[in-house]
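The values are calculated or read from the model by the stated rules, or taken from the named source; none is laboratory data. All figures in this text were calculated on a predicted structure; none of them were measured in a lab. Glycine gets a Cβ as well: all are built from the backbone with ideal geometry, and neighbour counts include every protein chain shown.
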Amino acid sequence: MQIDEARKELLRREIHRLADFVRDSNVELLEGQPKPKKRGELEARLHEIFAEKGFTLDCDHDRLAFREIAASTNERTLIAALVPAGVFMNHKLMYLIPVRYALAKDGTLTQDAVPPEEVGPRSRC
């Protein structure tokens, strides 16, 4: 899969997750307009907002990634790595999501990076 194709698929999935977040919110407006009722319309509007506001995908950030299962006989083993921005991962690696969304009562949508101190100490080995 080419990088452009991978980014397109990651964006599609991010918009889908973001639509769930917005639909579950208790706001009636989204960026000054009525929140679309139909999923397709909401996703199209979120795609526009994502581009207008310069939101980023997870792959644009460093991520703390870890194996879901380290070994079948050792439940206390952790295999983790700091994955640099621009690196794509498959479904076998779990990772801490590097950004969070907020939706204000007036419908303003924001995306903020999770501060490194909330993830834990950063060190490169």
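When residues in the stretch 62-103 are screened for being under 18 Å from residue 18 (Cα atoms), in contact (Cβ under 8 Å) with a residue 40 or more places away in the chain and part of a loop (DSSP other than H, G, I, E, B), 1 of them pass. Take residue 116 and decide whether it is in contact with a Lys or Arg (Cβ under 8 Å, 6 or more places away or on another chain), over 29 Å from residue 2 (Cα atoms), modelled with pLDDT under 90 and of a type outside the set (Asp, Glu). It is true that residue 116 is in contact with a Lys or Arg (Cβ under 8 Å, 6 or more places away or on another chain), over 29 Å from residue 2 (Cα atoms), modelled with pLDDT under 90 and of a type outside the set (Asp, Glu). Looking across the stretch 12-70, just one residue is at pLDDT below 95, within 29 Å of residue 82 (Cα to Cα), among the small types (Gly, Ala, Ser) and surrounded by fewer than 17 Cβ atoms within 10 Å (Cβ to Cβ), and that is 70. The set of residues in the stretch 93-110 that are charged (D, E, K, R) and touching a strand residue (DSSP E or B) at 6+ places or on another chain (Cβ under 7 Å) comprises 100, 106.
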